[in-house]
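This report refers to the structure that appears directly beneath it.
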Amino acid sequence: MADLCAVGLWTDISSRILKLPSLEQMHVEMLGGEIIPRSILITSFEGIHYLLCALGDGSLFYFQLNTESGYLSDRKKVTLGTQPTVLKTFKSLSTVNVFACSDRPTVIYSSNHKLVFSNVNLKEVNYMCPLNSEGYPDSLALANDTTLTIGTIDEIQKLHIRTVPLGESPRRIAYQEATQMFGVITTRIEYKDGTNTIPTRPSASTSALSTSSSTSKSVQSSADKYSEGSFGDEIEIHSLLIIDQHTFEVLHAHQFMNNEFATSLVSCKLSDDGNMYFIVGTAFVYPEESEPKSGRIIVFNWHEGKLNQVAEKDIKGAAYSLVEFNGKLLASINSTVRLFEWTGDRELRVECSHFSNIIALFLKVKGDFILVGDLMRSITLLRYKPMEGCFEEIARDFNPNWMSAIEILDDDNFLGAENSFNLFTCQKDSAATTDEDRQHLQEVGLFHVGEFINVFRHGSLVMQHPGESSTPTQGSVLYGTVYGSIGLVTQFSEDLYSFLLEVQNKLTKVIKSVGKVDHAFWRSFHTERKTEPATGFIDGDLIESFLDLGRDKMAEVVQGLQIDDDGMKRDATVDDLIKMIEELTRIH
């Protein structure tokens, strides 16, 4: 490549490949748009030559480069940041990588002959150069407006995990963008020592910069009634921590009352009140009661470094879930779903309620629809009717699933996890001819995960590049399990599902499982009541294991597979399948 030169022109917004030393023009690539190129680089990854061209708005074009003809092909565009980007090469573990300096610094590297963009855990980098000296071997020098940083790049990875020790158990978390704060509900254990309690160890809530604690006259007498304990008794104390998004410093800890367990947390605006609130739902838990009979919904506002309690609502039970719903607050309290409106006097007032649950543990909302996850009666779909100010039950799943998490995928599809480590999806049948059929949520997907899922969230752990992916996946729902693993559920078109199901079936014959457990048996939906074969789901881990096979095993899997090529069916090649599965790996 020493006889090639790449030039980015500001006049016509193009990149050009010139031959050295004659400067004869070999190829012109018009970039389009109005943003000028600010940095250009020719480099090689895994034996493939690339041209990278970064623009002034943080976007990056990259092409494959033919070094003989200078021709650029396979044009792709990604957005790395919002500011002009400077591209520099460096070596890490003897391979060449590219560092993109911008307001969102990124390392560009190649994996399986595909470029991967990995975020760097720095806020802003204006310039970078490699530094390799006796004192700083294999390092990078990074500069921004105020700071020079010398560091090394860890093994390059798509996902950075940072651990923030709290010294106590976090139970709920909510992010408040307006104040750039996290609200975190935590619980710590203290020991009874006469009339006082002693913390078992230093923790976030006992060492916060400022603290406050709850008092409530209405429940004080009953709380005191049960707060007497023996010397050495363990007492669980719940707190709300306010944590800075950037430094993870615990700015404030608010301690709840004796026997008061914080069960839910949400950050939201209410009504046309312009303030952002942290709202906590609690329950008073006493050993003599089979389920909580009282609790509180407390509205906090974080303003100018202070946590202020704005409102408090006594409730008859535990607020298991809180969700913002069209400027109002939706709460599941024991067996009831209640909608509270925010009055001009900054108080919560009950507008309407829905009964007929055992214990309503989970709530998810979309538009006027509300999905309720019950302790043992699976999921129910409600609609709020604003004119009448009431809830209407649309449909429910009549299977007795003990729910551990729920999510709304789209207007007609709903995702659930239950306590036998299974996933299932239900579909609303709007086209059904009878009312009875319309009121049934049909189970259309069943799958055994093997881990207890306790949370679903719409979102992604990687930068999504529109136009970059050719795989028709729709939506992205993350799930977390009690074992600490994170998974992803996404939706496919019917054609792609059928094709991947065929690939999955072939892989189960080629890859022998640990302990010779049959894949179909392991993934079948299994509870104490029934066992049914998995349906409606593809096992992504198994599909991606194709990339780890040898070429001969890959050829064995591909045999007999057909793919659609511009409307015509043809036999799939190993490279076709590698390309498709690599595209799928980029969504997580």
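Of the GluC sites (Glu not before Pro) found in region 311-345, not one falls in a DSSP loop while having at most 11 other beta-carbon atoms within 10 Å. The longest part of the chain holding none of the exposed loop chymotrypsin sites (Phe, Trp or Tyr not before Pro), meaning those outside H, G, I, E and B in DSSP with at most 14 other Cβ atoms within 10 Å, is 72-230.
For the ranges 73-80, 403-410, 193-200, what's the packing order if you count other beta-carbon atoms within 10 Å of each residue, average per peptide, and put the highest first?
403-410, 73-80, 193-200
Please identify the GluC sites (Glu not before Pro) of region 512-588 that satisfy two criteria: DSSP loop assignment and at most 14 other Cβ atoms within 10 Å. Which are they? Of the GluC sites (Glu not before Pro), the ones in loops of region 512-588 whose Cβ has at most 14 other Cβ atoms within 10 Å are E528.
Note on region 103-152: Cα-Cα pairs beyond 11 Å make up 72% of the total pair count. State the label only: which of (i) 26.8; (ii) 28.0; (iii) 24.0 corresponds to Kirkwood radius over Cα pairs in Å computed from the shown model? Given (i) 26.8; (ii) 28.0; (iii) 24.0, the structure-derived one carries the label (ii). Rounded to whole numbers, the Karplus 3J(HN,Hα) couplings from phi for region 26-34 are 9, 7, 10, 10, 6, 8, x, x, 10 Hz, using 6.51 cos²θ - 1.76 cosθ + 1.60 with θ = phi - 60°, and x at Gly and Pro.
Which FRET efficiency, nearest 0.05, do H246 and T95 yield, Cβ-Cβ r, R0 41 Å?
0.80
Once the Cα atoms are used to define both axes, helix 574-585 deviates from the longest principal axis of the chain by about 40 degrees. Computing the accessible area with a 1.4 Å probe over protein heavy atoms, can you report the carbon and sulfur percentage for the chain? Looking at the chain in its full context, I get 51 percent from C and S. Length gained on full extension, I587 to D193: 136.6 nm, using 0.36 nm per residue less the C-alpha separation. In units of the compact-protein estimate 2.2 N^0.38 Å, region 107-186 shows a Cα radius of gyration of 1.50. The alpha-carbon of K530 sits under 17 angstrom from the alpha-carbon of none of the lysines, leaving out residues fewer than 8 places away in its chain. Across the chain, the relative contact order, built from alpha-carbon pairs under 8 Å that are at least six residues apart, equals 5 percent.
In order along region 386-392, phi translates into HN-Hα couplings of x, 5, 7, x, 8, 9, 10 Hz, rounded to whole numbers, per the Karplus curve 6.51 cos²θ - 1.76 cosθ + 1.60 with θ = phi - 60° and x for Gly and Pro.
Per residue, how much accessible area does the chain have with a 1.4 Å probe, in Å²?
Value for the chain: 51 Å² per residue.
In straight-distance terms, cross-link reach from K306 covers every one of the aspartates and glutamates whose alpha-carbon lies under 18 Å from its own, apart from those fewer than eight places away in the same chain; here that gives E177, D244, E249.
Converting phi to 3J(HN,Hα) with the Karplus coefficients 6.51, -1.76 and 1.60 and the offset θ = phi - 60°, region 84-89 yields x, 10, 10, 9, 9, 8 Hz in sequence order, with x at every glycine or proline.
The aspartates and glutamates within cross-link reach of K91, meaning a Cα-to-Cα straight distance under 16 Å and a gap of 8 or more places when in the same chain, are E46, D138, D154, E155. To the nearest ten degrees, helix 494-510 and the longest principal axis of the Cα atoms of the chain are 80 degrees apart. Residues whose amide H falls under 5 Å from that of L488, counting only those 5 or more places apart or on a different chain, are Y479, with hydrogens built in the peptide plane.
Qualifying trypsin sites (Lys or Arg not before Pro) in region 489-588, where qualification requires a DSSP coil assignment and no more than 11 other C-beta atoms within 10 Å, comprise K512, R529, K530. To test your reading of the geometry: what angle, between 0 and 90 degrees and rounded to tens, separates the Cα axis of helix 217-227 from the longest principal axis of the chain? Here the helix axis deviates by roughly 90 degrees.
The values are calculated or read from the model by the stated rules, or taken from the named source; none is laboratory data. Please read these numbers as outputs of a predicted model, since none were measured by experiment. All Cβ positions, glycine included, derive from the backbone under ideal geometry; neighbour counts span all protein chains shown. Protein only, heavy atoms only, side chains kept; ligands, DNA and RNA dropped before computing areas. Shrake-Rupley method; radii C 1.70, N 1.55, O 1.52, S 1.80 Å.
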